[in-house]
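All remarks here apply to the structure that follows.
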Amino acid sequence: MTQADHLERVQVFAATQLAPAVTGWAHGEGPSQALWHAAGDLGLFGIELPLEAGGLGFDFAHKTSVCATLAAVDFGYAMAVVNTHNVALRLHLSAPDLAARHLPRLLSGEVAACTALTEPEAGTDVAALQTRATQTPRGWEITGRKDWIINARHAGLSIVFAKCGTGDDAGAIGAFMVDLTIPGVTRHATEAGFSQASMGTGGFCLDAVALPPEALILPPGAAFGAILSEINGARAYVAAMCCAMLRAAVAEYGQRRVSFRRPLMDHQAWRLTLAQAQTDLAATEALTERAVASIAGAPAAQLLAAQAKVHAVQTCQRHLPALLHAMGAEGLRPAHCLTRHLAAVQSAALTDGAITPLLERVARLSWPTPRQRKD
């Protein structure tokens, strides 16, 4: 199967199975287990894993296209899928023994997974993590609290980042595979002013949770570098998801709403709003394509990913409200994507780096100080 063939199958899935289900998610319902199994049947949890590991063997750019296709219908579901995928990929790369045990259930959609980095007092500032892992004669003991974690409401497995030993800087951070069903783990749902159901946003407390030695899948020194690398990719595919949401909203606005017996795009005043949105969308899509292409190893990946995410989020924040306003009260109905995407882009703005620190990152990378240039 080619990547083009696979993407076509994902598009059919999004239109025929995902789209009919999303209206209830705004009211607190979550995706059914059947949708998770359907995603597993499509290979969505193993896009980048090699064939011999049970995956599809496709590249990062294809994963991004799949994420965008799903996000055009529901951003939260797309994020839930890709986060399980990313855990499966990390297990394959870093913990072959654990991968052999867990990949079959992850790839099939039987079990969801999450990456637990954010804490109540540590978001973008990763070095502020307070979760602590202490070595014991039998392995590790981990204590701490995680919050605002995608899939945490229902995930069976989590990669948990924690500081090891007595170290207190980024170099002390390690990554652990934690079974969220074992004693000492207490989970909770995290709520917001708009539904987090499809994203499964939640958190959990770890109270002296005992882990075997092999649970450490990224030791201190390696984990922080992995965070920085993976977050560039996440920013790029979040930018692509934002582009997909705006493109879906443009189509909703221009093709479905009729005024004075004519589609909105037939009226000049509304057509100009549409044209401005499409123009800005073309610009952010071009930047996002550069960012996605850079993830394979280009030196500019960090800068391009940050720029793409900032531009995509801000473009959506500008145009989604305008499109909703032009469409009128009809656009508030759950059957339309406008309010769903308008809420989702607020989450996108905070996912994998908020806008203000990202702009600071862009500034530092664009105009490094003499010391930064030397480093």
inquiry  = Is it the case, given these coordinates, that Ala248 is under 19 Å from the mean Cα position of the chain (by Cα), part of a helix (DSSP H, G or I) and surrounded by fewer than 21 Cβ atoms within 10 Å (Cβ to Cβ)?
reply    = yes
message = Conditions first: (1) outside the structural domain of Asp179 (by TED's automatic domain parsing); (2) out of contact with any Leu (no Cβ under 7 Å at 6 or more places or on another chain). Thr124 passes all but one, so which condition is the exception?
response = (1)
inquiry  = Regarding segment 118-137, can at least one residue be identified that is among the basic types (Lys, Arg) and surrounded by 22 or more Cβ atoms within 10 Å (Cβ to Cβ)?
reply    = no
inquiry  = Which of the numbered conditions does Ala152 fail, given that it passes all the others? Conditions: (1) at pLDDT 95 or above; (2) of a type outside the set (Lys, Arg); (3) on the phi > 0 side of the Ramachandran plot.
reply    = (3)
query = Where in segment 166-213 are there strands (runs of 3 or more DSSP E), lying wholly inside it, with at least 1 residues that are of a type in the set (Phe, Trp, Tyr) and in contact with a helix residue (DSSP H, G or I) (Cβ under 8 Å, 6 or more places away or on another chain)?
reply = 173-179
note = Residues of segment 131-141 being part of a loop (DSSP other than H, G, I, E, B) and either over 17 Å from Ile159 (Cβ atoms) or free of Cβ contacts under 8 Å to residues at least 24 places away in the same chain (or both), in sequence order, are Pro137, Arg138
inquiry  = Under 6 Å between Cβ atoms, which residue pairs at least 6 apart in sequence (or on different chains) link something in segment 291-316 that is assigned by TED's automatic domain parsing to the domain that holds Val238 and more than 15 Å from Asp352 (Cβ to Cβ) with a partner that is among the aliphatic types (A, V, I, L, M) and surrounded by 20 or more Cβ atoms within 10 Å (Cβ to Cβ)?
reply    = Ser294/Ala301; Ser294/Leu304; Cys316/Leu246; Cys316/Val345
ask   = Which members of segment 118-136 meet the condition of being within 17 Å of Ala349 (Cα to Cα) and not small (Gly, Ala, Ser)?
value = Thr118, Thr124, Asp125
task = Might you let me know whether segment 260-271 holds any residue that is at positive phi and without any contact (Cβ under 8 Å) to a residue 24 or more places away in the chain?
result = yes
task = Would you check which residues across segment 151-165 are buried (at least 16 other Cβ atoms within 10 Å of the Cβ) and assigned to a loop (DSSP other than H, G, I, E, B) and list them?
result = Asn151, Ala152, Arg153, His154, Ala155, Gly156
request  = Specify the residue that is surrounded by the fewest Cβ atoms within 10 Å (Cβ to Cβ); the eligible residues are those in segment 1-14 that are in contact (Cβ under 8 Å) with a residue 12 or more places away in the chain and of a type outside the set (S, T, N, Q).
outcome  = Met1
request  = For Asp74, indicate whether it is under 21 Å from Gly202 (Cβ atoms) and either out of contact with any Ser or Thr (no Cβ under 9 Å at 6 or more places or on another chain) or not basic (Lys, Arg) (or both).
outcome  = yes
query = If you take the residues of segment 313-361 that are under 15 Å from the mean Cα position of the chain (by Cα) and polar (S, T, N, Q), which of them is surrounded by the most Cβ atoms within 10 Å (Cβ to Cβ)?
reply = Thr351
note = Per the filter on segment 362-375, residues surrounded by 12 or more Cβ atoms within 10 Å (Cβ to Cβ) and either more than 29 Å from Asn86 (Cα to Cα) or modelled with pLDDT under 90 (or both) are Pro368
request  = Taking Trp148 as the residue in question, decide whether it is within 15 Å of the chain's Cα centre (by Cα) and either part of a strand (DSSP E or B) or of a type outside the set (A, V, I, L, M, F, W, C) (or both).
outcome  = yes
remark   = Residue hits (segment 91-124; out of contact with any Asp or Glu (no Cβ under 8 Å at 6 or more places or on another chain) and free of Cβ contacts under 8 Å to residues at least 40 places away in the same chain) are Leu93, Pro96, Ala100, Arg101, Glu121, Ala122
remark   = Taking segment 288-310 and keeping residues among the aliphatic types (A, V, I, L, M), buried (at least 20 other Cβ atoms within 10 Å of the Cβ) and either touching a Pro at 6+ places or on another chain (Cβ under 9 Å) or assigned to a helix (DSSP H, G or I) (or both) leaves Ala291, Val292, Ala301, Leu304, Ala305, Ala306, Ala308, Val310
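The values are calculated or read from the model by the stated rules, or taken from the named source; none is laboratory data. These numbers were taken from a predicted model, which means no experiment stands behind them. Please note: Cβ atoms are built from the backbone with ideal geometry, for glycine as well, and neighbour counts cover all protein chains shown.
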